[in-house]
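For reference, the structure discussed in these notes is given below.
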Amino acid sequence: MKLPLSIRREYPFKTRKFRLSSGYEMSFVDEGLASGKVPTLFLHGNPTWSFLYRNAIRSLSAYGRCIAPDHLGCGLSQKPDSSTCPYTLETHADNLLQLADFLDLTAFNLVVHDWGGAIGLSAFRDQTERIRKIVLLNTASFLSRDVPLRILFCRLPVFGQFFVRGLNGFALPAAWMASAKGLSVDAKRGFLFPYRSWSDRIAIWNFVKDIPYEPNHPTGRYLLETEKSLDRFASTPSMACWGMKDFCFHGGFLDEWKRRWPDLQSHRFPDAGHYVLEDSGQAAIERIQAFLFQ
């Protein structure tokens, strides 16, 4: 997928490809110093892609290696049909493990946003020794029925898929609603570019479907195991940068993280929304840089 010039100016990285055991390809960015400091793995959620971390990578790659994958079905990764590829939390976590092993990431920092938190902490819940530091950005890795009605609406049978995939009723509104301050025209184009058609939005729809809202949802059992494992990370140095105007992962989720990880450092950004890195500008990136590299 060739990026137009306006997006390449925002996202000027050379992407690499990794072939998973399923045969499908993940795209990822690998920038910065390859030695010295431990690398940092940046994980996006739904409906974004590694573009979310473009400004962080530009700044932080001067201090250490920055790796940002696009989950399968997202960004510049391959987008197979769900009949041949199960788009579930467990599958995304396994894909991430494969990539980390391929890159020989024996020790690294983890920066997670949105579904990236559940994916990353699920992937490494039995290999906690690999994680040196954790940065949380408006995310969760535990069960919650606190799901906005507008997201539950997108999960409705039949109509939900038409709304999300046919009308772009998830990624397109997010380009306005997830930022409290408003995205630039080029940023909006960048976030939306990989999701221009019905087939392009396969993972967005499946991420929404995979929210374990119902008590008997199959992903609920898997996420519960991750939730039970969170205390294994309690001694891992951790920090949160939180947009307090997030309509989804609001301040109550940050409070829950602090309850689970009492030593969690937290920085609240009162005027930032769900896309905290967009709304906070360099302020959050500077906090991340100081935490990870000083």
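The values are calculated or read from the model by the stated rules, or taken from the named source; none is laboratory data. Remember, predicted model here, so these are calculated numbers, not experimental data. Cβ: placed from backbone, ideal geometry, glycine included. Neighbour counts: every protein chain shown. In case anyone asks, the SASA skips ligands and DNA or RNA and just uses the protein heavy atoms, side chains included. Shrake-Rupley method; radii C 1.70, N 1.55, O 1.52, S 1.80 Å.
Contact map, segment 4-16: residues that are assigned to a helix (DSSP H, G or I) paired with residues that are open to solvent by 80 Å² or more (accessible area, probe 1.4 Å) and charged (D, E, K, R), Cβ distance under 7 Å, separation 6+ or inter-chain. Pairs shown: 6/189; 7/189. Taking segment 84-111 as the range and being within 19 Å of residue 129 (Cβ to Cβ) and of a type in the set (Val, Ile, Thr) as the test, the residues that pass are 106, 111. Can you spot a residue in segment 131-138 that is touching an Asp or Glu at 6+ places or on another chain (Cβ under 7 Å) and open to solvent by 40 Å² or more (accessible area, probe 1.4 Å)? Checked against the condition, which is being touching an Asp or Glu at 6+ places or on another chain (Cβ under 7 Å) and open to solvent by 40 Å² or more (accessible area, probe 1.4 Å), segment 131-138 yields no hits at all. The single condition among (1) touching a residue at least 40 places away in the same chain (Cβ under 8 Å); (2) open to solvent by less than 20 Å² (accessible area, probe 1.4 Å); (3) farther than 30 Å from residue 163 by Cα; (4) of a type outside the set (Lys, Arg) that residue 220 does not meet is (3).
Looking only at residues of segment 32-46 that are open to solvent by less than 10 Å² (accessible area, probe 1.4 Å) and in a loop (DSSP other than H, G, I, E, B), we find that the one that is farthest from residue 111 (Cα to Cα) is 45.
Within segment 58-92, the set of residues being in a helix (DSSP H, G or I), touching a residue at least 40 places away in the same chain (Cβ under 8 Å) and either acidic (Asp, Glu) or crowded, with 21+ Cβ neighbours inside 10 Å (or both) comprises 60, 89, 90. So, of the residues in segment 93-122 that are open to solvent by less than 10 Å² (accessible area, probe 1.4 Å) and without any contact (Cβ under 8 Å) to a residue 60 or more places away in the chain, which turns out to be farthest from residue 29 (Cα to Cα)? Among them, the one singled out is 93.
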